[in-house]
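Each remark here refers to the structure printed beneath this line.
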């Protein structure tokens, strides 16, 4: 299996990328779906039907398969090759696996929200969803910095930077929302 390590690693990265793409887009679809509830009929029903279909396809054709395949290839890298056993000796890898665990929790929470919206239960606001979308970004930044820097400590700077950037984005969003509401009245 060792001679296939680079192929396995490549496939792992491809499916991690498509998994994150699915997670980023599904939450945007949640935002649009929730916003559609405030539209008048028949626009509301047409949009919700379309967002349900788009979410369903994204979730079950791209996001879930990508999560499963990324996990299978990660497992093969860690436990099916000699190099994987070496990686498990480093503290940065333990921290990375902690973030991967958080990513699974994030994915499962997105699945719960997906099911609620498919059943016409809107339990979250668009503001919550926009903030929720930053969760995957923070996890992505943490994992990338850990893998590249291979340090259980230096990743903190990257994550602090993305959190600061996210806060600035959210403040900008709130500022834009106030301007939009002011212009409406």
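No lab work stands behind these numbers, since they all come straight from the coordinates. Just so it is clear, the model here is predicted, and its values are computed rather than measured. Backbone-built Cβ (ideal geometry, glycine too); neighbour counts: all protein chains shown.
Assuming a ≥ b ≥ c are the square roots of the Cα gyration tensor eigenvalues, decide whether region 80-123 counts as rounded (a/c under 1.5), prolate (otherwise, with a/b larger than b/c) or oblate.
On the way: a/c = 10.01, a/b = 3.35, b/c = 2.99.
Judged from the Cα gyration tensor, region 80-123 comes out prolate (a/c at least 1.5, a/b above b/c).
Using alpha carbon coordinates only, what is the Rg to Rh ratio of region 1-73, with Rh defined as the Kirkwood radius?
Working: Rg = 16.8 Å, Rh = 13.7 Å.
That ratio is 1.23, to two decimals.
Hey, in the GNM for the chain with a 10 angstrom Cα cutoff, which one of 52, 150, 39 fluctuates hardest?
Largest GNM mean-square fluctuation: 39.
Compute from the Cα atoms of region 43-101 the Rg and the Dmax, the latter being the longest Cα-Cα distance, and quote both in angstrom.
Looking at region 43-101, its Cα Rg and Dmax stand at 18.2, 57 Å.
Treating the angle as unsigned and between 0 and 90°, give the value, to the nearest 10°, between the Cα long axis of helix 64-79 and the longest Cα principal axis of the chain.
20 degrees
Choose one answer from 17, 148, 156: the residue with the largest mean-square fluctuation in a GNM of the chain with alpha-carbon springs under 10 Å.
Taking springs between Cα atoms under 10 Å, the residue moving most is 148.
Which shape class applies to the chain: rounded if a/c is under 1.5, otherwise prolate when a/b exceeds b/c and oblate if not, where a ≥ b ≥ c are the square roots of the Cα gyration tensor eigenvalues?
Values: a/c = 3.32, a/b = 1.65, b/c = 2.01.
Oblate shape, in that a/c is at least 1.5 and b/c is the bigger or equal ratio.
So what's the Cα pair-distance distribution over region 57-165, bin width 5 Å, in %?
Histogram of Cα-Cα distances, whole percents per bin: 2, 10, 16, 21, 18, 15, 10, 5, 2, 0.
Take the alpha carbon atoms of region 57-77, find their center, do the same for region 114-185, and report the distance between the two centers in whole angstrom.
23 Å
Please build a GNM for the chain, connecting alpha carbons under 10 Å apart, and tell me which residue among 96, 174, 115 fluctuates the most.
Most flexible of the set in this elastic network: 174.
Helix 126-149: angle to the longest alpha-carbon principal axis of the chain, degrees 0 to 90, nearest 10?
That works out to roughly 20 degrees.
Within 10 Å of each residue's Cβ, count the other Cβ atoms and sort 151, 185, 41, 125 from fewest upward.
Numbers: 151 15, 185 4, 41 7, 125 11.
By the 10 Å Cβ count, ascending, the order reads 185, 41, 125, 151.
What spacing in nm lies between the two simple spin-label points modelled at residue 131 and residue 39, each 7 Å away from Cα in the Cβ direction?
Taking the simple label geometry, residue 131 and residue 39 are separated by 2.7 nm.
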